[in-house]
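To start, the structure itself, in structure tokens.
The values are calculated or read from the model by the stated rules, or taken from the named source; none is laboratory data. Everything numeric in this text was worked out from a predicted model, so none of it was measured. Reconstructed Cβ throughout: ideal geometry from the backbone, glycine too, with neighbour counts over all protein chains shown.
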Amino acid sequence: MVSALGLFSGGLDSILACRLVAAQGIAVKAIKFVTPFFGYEVLADPDQYRQEMLQKYGIDVIVKDVSVEYLHLLRNPAHGFGKNFNPCIDCKIFMFSRAREMMTALGASFLITGEVVGQRPMSQRRDTLNVIERDSGSRSILLRPLSAKLMRETEAELKGLVDRERLLDFSGRGRSRQIALAREMGITDFPAPAGGCILADPILSRRVARIYTGDFFIPLEDVSPLDVMLFLVGRQFRLPGGGWLIVGRDEQENQRLAGLCGESDLLLAMQSRPGPTAVLRRPASLCADRLTDDLQIAAALVVRYGKKIPAGSRRSEVVILSAAGKKILMVDPLPENMLSALQQSYS
């Protein structure tokens, strides 16, 4: 039986592309690449995600974490960046190359994507689509079912593996034809259109760019995917002793930080009143005296951003959790003059 490997974002276009090819009796397996900038939340339970995609869309999806390789790509993408810190062309080349390398092991004869000619200004122009095919080594094996009739025939079509007449000629940024096709296929529950990638966000992408310009808490060669995830959440502080503190701004971020806190990190929060959760990242990199001083300031920041008390002292207990156990500090909120001095270090 002929099989194909689909690059799967989880968006409507990739869903439709996989379903169009599968409707021709071709076994389609999909690959969802994830990094700290897109899809990373799936890693919390890849099996659950796989079951959800099977139940909703009848698509078997493999999840693959390519975070470490992707962080290296961002150092110097050959085709540069878009409006923000988004290397869209190199991103596509990277993913298509990895998918091509997986084809033999998965028994796939060709690749499919949900790309639509002219839908995205940087990576889906006709000229850039050709560049992506060329540089990823996938020119003859990459089928774009939604726009296939607007493009030259691929190997799968020329060999008769796919009936070109049953493929489509979508183009442009509108989505009315995709939505109509989804209804025909009985697909009603699909994600709303969105950029999806943090690197295209004008605010968060500036944070990511700081990692690569040396304006970060740790050297670039030591940066891990978890460091990046923590840098994308909450208020960021460089403490006087060199510590890196992340402070949640709301309940959602508090929960996020608690989930991202590494085994060697310290987790801070108050028990006596509502307030932020904070993570002191990589405390082992600090000498004992500096760690003690930074912990006092970190605890004082947690109290400073806690819910206001109508009357009485705001001095509070801050619980510090680590792999070694629990510690409690009784501290006052950080004075305004010290906060002002620290504010220049967070984003």
Response to the item:
Among the residues of the range 173-197, the number that are surrounded by fewer than 11 Cβ atoms within 10 Å (Cβ to Cβ) and of a type in the set (Gly, Ala, Ser) is 5
Discussion item. Can you pull out every residue in the range 210-232 that is in contact with a strand residue (DSSP E or B) (Cβ under 8 Å, 6 or more places away or on another chain), assigned to a loop (DSSP other than H, G, I, E, B) and crowded, with 19+ Cβ neighbours inside 10 Å?
Written reply: PHE217
Fill in: Boolean, TYR305 is at pLDDT 85 or above, within 30 Å of ALA209 (Cα to Cα) and out of contact with any helix residue (DSSP H, G or I) (no Cβ under 9 Å at 6 or more places or on another chain)
yes
Response to the item:
Reported set for the range 127-150 where residues are under 25 Å from GLY80 (Cβ atoms) and either crowded, with 16+ Cβ neighbours inside 10 Å or in contact (Cβ under 8 Å) with a residue 12 or more places away in the chain (or both) is THR128, LEU129, VAL131, ILE132, GLU133, ASP135, SER136, GLY137, SER138, LEU142, ARG144, SER147
Worksheet item: Restricting attention to the range 289-304, which residues are surrounded by fewer than 18 Cβ atoms within 10 Å (Cβ to Cβ) and either closer than 17 Å to PRO276 by Cα or among the aliphatic types (A, V, I, L, M) (or both)?
Response: GLN296
Discussion item. Being closer than 28 Å to ASP215 by Cα and among the polar types (S, T, N, Q): is that true of GLN271 here?
Written reply: no
Item to complete: Considering each residue of the range 170-203, count those that are in contact with a Leu (Cβ under 6 Å, 6 or more places away or on another chain) and either closer than 30 Å to GLN236 by Cα or assigned to a loop (DSSP other than H, G, I, E, B) (or both), and give that number.
Response: 3
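For every residue, the table says whether it meets (1) at pLDDT 95 or above; (2) among the hydrophobic types (A, V, I, L, M, F, W, C); (3) more than 19 Å from ARG256 (Cα to Cα); (4) under 34 Å from the mean Cα position of the chain (by Cα).
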{"residue": "ARG290", "(1), (2), (3), (4)": "no, no, yes, yes"}
{"residue": "ILE297", "(1), (2), (3), (4)": "yes, yes, yes, yes"}
{"residue": "SER316", "(1), (2), (3), (4)": "no, no, yes, no"}
{"residue": "SER340", "(1), (2), (3), (4)": "no, no, yes, yes"}
Worksheet item: Quick one: what pairs do we get from the range 151-168, first residue free of Cβ contacts under 8 Å to residues at least 40 places away in the same chain, second assigned to a loop (DSSP other than H, G, I, E, B) and among the aliphatic types (A, V, I, L, M), C-beta under 9 Å, 6+ apart or different chains?
Response: GLU157/LEU167
Response to the item:
Taking the range 276-288 and keeping residues more than 16 Å from ALA323 (Cα to Cα), part of a loop (DSSP other than H, G, I, E, B) and either at pLDDT below 95 or of a type in the set (Lys, Arg) (or both) leaves LEU286, CYS287
Item to complete: Would you check if there is a residue in the range 246-269 being in contact with an Asp or Glu (Cβ under 8 Å, 6 or more places away or on another chain), crowded, with 18+ Cβ neighbours inside 10 Å and either in contact (Cβ under 8 Å) with a residue 24 or more places away in the chain or part of a strand (DSSP E or B) (or both)?
Response: no
Worksheet item: Looking at the range 5-59, which of the residues that are aromatic (Phe, Trp, Tyr) and assigned to a loop (DSSP other than H, G, I, E, B) is farthest from the chain's Cα centre (by Cα)?
Response: PHE8
Worksheet, complete the sentence: Of those in the range 60-71 that are of a type in the set (A, V, I, L, M) and assigned to a strand (DSSP E or B), the residue surrounded by the most Cβ atoms within 10 Å (Cβ to Cβ) is VAL61
Fill in: Count - residues of the range 72-97 that are among the aliphatic types (A, V, I, L, M), outside any loop (DSSP other than H, G, I, E, B) and in contact (Cβ under 8 Å) with a residue 60 or more places away in the chain
1
Worksheet item: Taking the range 103-148 as the search range and keeping residues that are of a type in the set (Lys, Arg) and assigned to a loop (DSSP other than H, G, I, E, B), which one is modelled with the highest pLDDT?
Response: ARG144
Item to complete: Being within 30 Å of SER205 (Cβ to Cβ), charged (D, E, K, R) and either modelled with pLDDT of 95 or more or touching a Gly at 6+ places or on another chain (Cβ under 6 Å) (or both) narrows it down to one of ARG164, ARG100, so name that one.
Response: ARG100
